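Working notes for the structure below.
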Amino acid sequence: MDTENQIFEFDDVSVDPANAQILKAGRPVAVEPKAFRVLLFLLEQRGRLVEKEELLSAVWPGTFVTENALTREIALLRRVLGDDSKAAKYIETVPKRGYRFVATVTVRDYSSPTSAKGAEIGPAPTTKPAAGLHRVWLPWALLVVAVAILAAGLLWWISMALFTQEPRARQVTSSEGMDIYPSFSPDGNTVAYSSDTGGKFEIYLKQLTAGGHVVQLTSDGTQNIQPAWSPDGEQIAFHSQVKGGIWVMPALGGVPRQITPFGSSPAWSPDGTEIAFQSDTPRDLSAMSAVSVGPSTLWIAKIQNGERRQVTQPNVPSGGHNSPAWSPDGKYLAFTTGSLTKGTALWCVATDGSDPKLVTYGGNFYNPVYAHDGKSLYVAAVRGATNFGIWQFPIFGHTVAPLGRKIYATLPAMSRDLAISADGRKIAFSSVTTVSNLYSLPMSAAEPAGPPVAITSDTRFRKANPSFSPDGRRLLFDVFSSDQDGGVWISDANGANANLLLQSCLEPKWLASGKEFECFNGVKPEDRDCNAQGCVLLDFWKVDVNTATRERVLRLRQDGGFFSMADNGKRLAFTSGKSGTPNVWTVSPDDPTPRQLTFDRELSGFPVWSPNGKYLALEARRGDDTYIYLMQPGQEPVQLTTARGDSWPNGWSPDSDKIVFAGRRNGVWNIWWISTSSKLEKQLTPYTDPNHFVRYPEWSPAGNAIVYEYAENRSNIWMLELRR
């Protein structure tokens with residue numbers, strides 16, 4: 001059926017095939033190209049049953065896809081159109097067979113106006129603006145430029161949606177552990193990546209042919225990750241988690257040499273003479289792990305002698321600076337920023353540090369890469385609970401337009417670590433999944449009394465922040481999920497009788513009565529003068545466990561997270577980046593003015609009150625490592641742990657002597673405690689694999705158990721073949 005000159009209308013929806021546009025209530029609705037084609041086909045066949053096979057053949061001709069792809073597009077259409085599968089107004093499901101478009105449709109024909117010959121167009125005469133107009137010319141000019149960029153971005157989006165085929169995906173590796181951080185050889189026939197196949201992360205090479213050979217490149221056991229192939233194919237740069245810094249070695253094997261003593265995420269300049277990198281190091285390899293939120297900055301080092309220059313300054317722009325990627329002309333770097341509570345953002349900056357430009361925010365962005373022709377930017381992102389994928393943003397000149405489009409959906413896995421081939425035809429990425437559950441470690445006299453036991457068992461993304469009731473019989477905890485069951489959950493201490501208690505609230509903490517708890521959620525600011533990315537309001541609630549009714553006890557007018565209570569909720573300690581670098585602050589419902597406790601220049605945060613309310617355990621960053629410090633409010637913090645790696649406190653023993661924490665030593669996470677009196681440290685869990693992590697240990701009031709989050713990461717390398 002020829003629909004080129006037709007518009008389909010039903011209810012308040014208008015579908016324009018010629019312009020690939022959907023309007024609902026007069027406003028454009030953005031959908032993926034495949035979803036648009038599904039809707040158009042159903043409209044063309046309205047009123048009759050369209051079998052699944054017929055629909056798959058029409059929308060994905062010559063391509064093998066499962067019914068899951070069709071189901072996903074139907075669900076997307078229903079969401080944007082305001083339809084319901086159980087009471088369908090537009091798209092009716094015929095169980096086990098297919099779909100039927102059931103709404104009454106009006107078809108309106110129109111003709112595109114033909115262009116008449118006009119006057120010959122020559123150059124416009126040069127004139128000077130009239131006196132008095134120079135004050136208003138610049139703002140209007142800037143507005144015209146902004147509108148032109150947005151218009152060009154919209155035209156680009158439509159053209160790409162109409163004429164670009166969905167990328168073809170194929171799996172490159174098939175590890176049961178973690179294969180991550182791909183990088184193409186210059187000829188695009190081999191990929192370098194990191195793998196924990198042998199128990200430690202090492203660098204491997206794999207040919208991209210059927211039955212392609214795999215060659216192990218490093219074997220020193222120092223957790224080598226993030227390989228990056230040089231443009232001439234002669235060298236591979238990488239980051240060593242144990243030795244630290246950026247290293248370079250021959251691509252066919254040999255002795256590595258250190259380029260920088262700090263930093264990670266190496267990216268070669270187009271001419272191969274320099275490497276851009278971020279100053280911070282990766283600590284968490286999970287699917288949705290945060291990028292650096294501390295004062296990470298971007299640097300450039302010369303390959304020949306390691307001479308370094310700093311590109312960005314701390315918190316300019318705000319947050320940690322991560323994952324630099326060179327533009328093809330070598331003049332700009334794309335990168336992401338991360339903060340504790342504001343999510344991440346996508347930025348570009350000139351390589352001399354000038355002209356930083358915000359591209360977009362609203363979601364979590366990871367590992368941008370430029371297209372080989374410099375006309376677009378690809379980035380992995382999570383832009384909603386179920387909106388996982390890879391996005392493409394157009395570039396006009398050196399301006400990246402904020403109107404991006406998703407080219408590939410990856411749910412339930414998360415795409416990370418993008419790499420693009422030199423010819424621009426292939427994108428490789430890590431497809432990462434994380435399975436997280438709560439475990440309970442039996443304890444006796446501060447010693448493990450048995451192996452850890454799982455007390456939850458499902459595949460939702462994360463279970464975090466467990467909190468024991470005062471009598472130790474129940475648990476509250478956070479669940480993060482792509483389904484409708486995310487929120488605060490409650491269960492018995494052994495995990496039995498688990499139920500969703502409250503949605504849209506975070507970090508639950510029991511109050512002394514055992515009948516109530518406190519949690520918080522973010523609030524959209526109503527101040528129109530407020531910068532959309534920079535404004536944060538947090539509401540704290542007292543919630544009844546039995547009825548889930550809640551009462552607001554505090555509104556905090558600044559960013560914050562990782563709260564700890566003392567004196568039955570009368571004192572709150574938390575981490576905030578308001579002063580630039582994350583530091584420890586306190587606030588009280590009785591005195592809602594926040595006060596800064598620490599003034600660290602690197603990072604000081606994640607405070608935890610002792611049960612007696614006298615001390616705070618906190619985490620401080622020193623170089624590539626983090627350590628536990630102990631402080632009394634009003635006094636200087638005192639360092640407790642000294643081991644290299646990471647030490648992240650979360651709880652205390654009931655007698656306020658021992659701090660229980662998640663510790664990473666030589667790339668492996670375990671649960672530890674350290675005594676504040678004797679300074680003795682003890683490892684409590686027996687984990688040895690680098691593809692897992694532990695978080696949020698909480699000691700029971702009776703001291704007989706520690707509950708914590710245990711998660712296993714799985715990842716393989718996948719590749720997209722981009723098609724026009």
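Exceeding 21 Å between C-alpha atoms, which entries from my cross-link table qualify? They are K206/K426; K614/K679; K614/K658; K243/K679; K52/K406. Over 21 Å apart, Cα to Cα: K243/K679; K52/K406. Screening the chain for whole DSSP H helices with an alpha carbon extent of at least 24 angstrom along the helix axis and a mean Kyte-Doolittle hydropathy of at least -0.5 yields 134-163.
Count charges around F262 for me, please; just the other residues with Cβ under 10 Å from its Cβ, Lys/Arg as +1, Asp/Glu as -1. Residues near F262 contribute -1 overall. By the helix-only formula, in which each DSSP H run with n ≥ 4 contributes -39500 (n - 2.57) and the sum is divided by residues, the chain has a 222 nm mean residue ellipticity of -3000 deg cm²/dmol. Using the Cα gyration tensor of the chain, with a ≥ b ≥ c the square roots of its eigenvalues, what is the shape: rounded (a/c below 1.5), prolate (a/b larger than b/c) or oblate (neither)? Because a/c hits 1.5 or more and a/b exceeds b/c, the chain counts as prolate. Per residue, the average separation of C-alpha pairs within less than 8 Å and at least 6 apart gives region 6-111 a relative contact order of 33 percent.
Of R48, R557, R168, the sequence from fewest to most neighbouring Cβ atoms within 10 angstrom is R48, R168, R557. Fewest neighbouring Cβ atoms within 10 Å first, the residues C519, C348 line up as C348, C519.
Shown here: region 311-366, whose C-alpha atoms stretch 33, 20, 15 Å along the first, second and third principal axes, sorted largest to smallest.
Partners of K302 within straight-line reach, counting aspartates and glutamates whose Cα lies under 12 Å from its Cα and excluding those fewer than 8 residues away in the same chain: D271, E274. Could you please report the charge total around L43, scoring K, R as +1 and D, E as -1 over all other residues with beta-carbon less than 11 angstrom from its beta-carbon? Net charge around L43: 0.
For region 583-650, which chymotrypsin sites (Phe, Trp or Tyr not before Pro) are in a loop by DSSP, counting at most 13 other Cβ atoms within 10 Å? Within region 583-650, the qualifying chymotrypsin sites (Phe, Trp or Tyr not before Pro) (loop, at most 13 other Cβ atoms within 10 Å) are F599. Fully extending the segment from N68 to S579 would add 179.3 nm, taking 0.36 nm per residue of separation and subtracting the current Cα-Cα distance.
Sites listed here are trypsin sites (Lys or Arg not before Pro) in region 388-483 whose DSSP assignment is loop and whose Cβ has at most 15 other Cβ atoms within 10 Å: R425, R473.
Structural size metrics of region 195-323, computed from C-alpha coordinates, are Rg and Dmax of 15.0, 47 Å. Decide, for region 192-240, between rounded, prolate and oblate: order the square roots of the alpha carbon gyration tensor eigenvalues as a ≥ b ≥ c, take rounded if a/c falls under 1.5, and otherwise choose prolate if a/b is larger than b/c, else oblate. Oblate, since a/c reaches 1.5 and b/c is not below a/b. Summing charges over all other residues whose Cβ lies under 15 Å from the Cβ of S279, with Lys and Arg as +1 and Asp and Glu as -1, gives +2. For the listed peptides 632-640, 74-82, a ranking on the average number of other beta carbons within 10 Å per residue, highest first, reads 74-82, 632-640. At full extension, A88 and N494 could sit 142.0 nm farther apart than now, given 0.36 nm per residue minus the alpha carbon distance. With kT/(6 pi eta Rh) evaluated at 25 °C and eta = 0.890 mPa s, and Rh the Kirkwood radius from Cα pairs, region 6-111 diffuses with a coefficient of 175 µm²/s according to Stokes-Einstein. Rounded, prolate or oblate: pick one for region 244-299, where a ≥ b ≥ c are the square roots of the eigenvalues of its C-alpha gyration tensor, a/c under 1.5 means rounded, and failing that, prolate if a/b is larger than b/c, else oblate. Taking the square roots of the gyration eigenvalues as a ≥ b ≥ c, region 244-299 is prolate.
Read-outs throughout are calculated quantities, based only on the coordinates presented, and are distinct from any laboratory measurement. This is a predicted model, so every value here is computed, not measured. Here the Cβ is made from the backbone with ideal geometry for all residues, glycine too, and neighbour counts use every protein chain on show.
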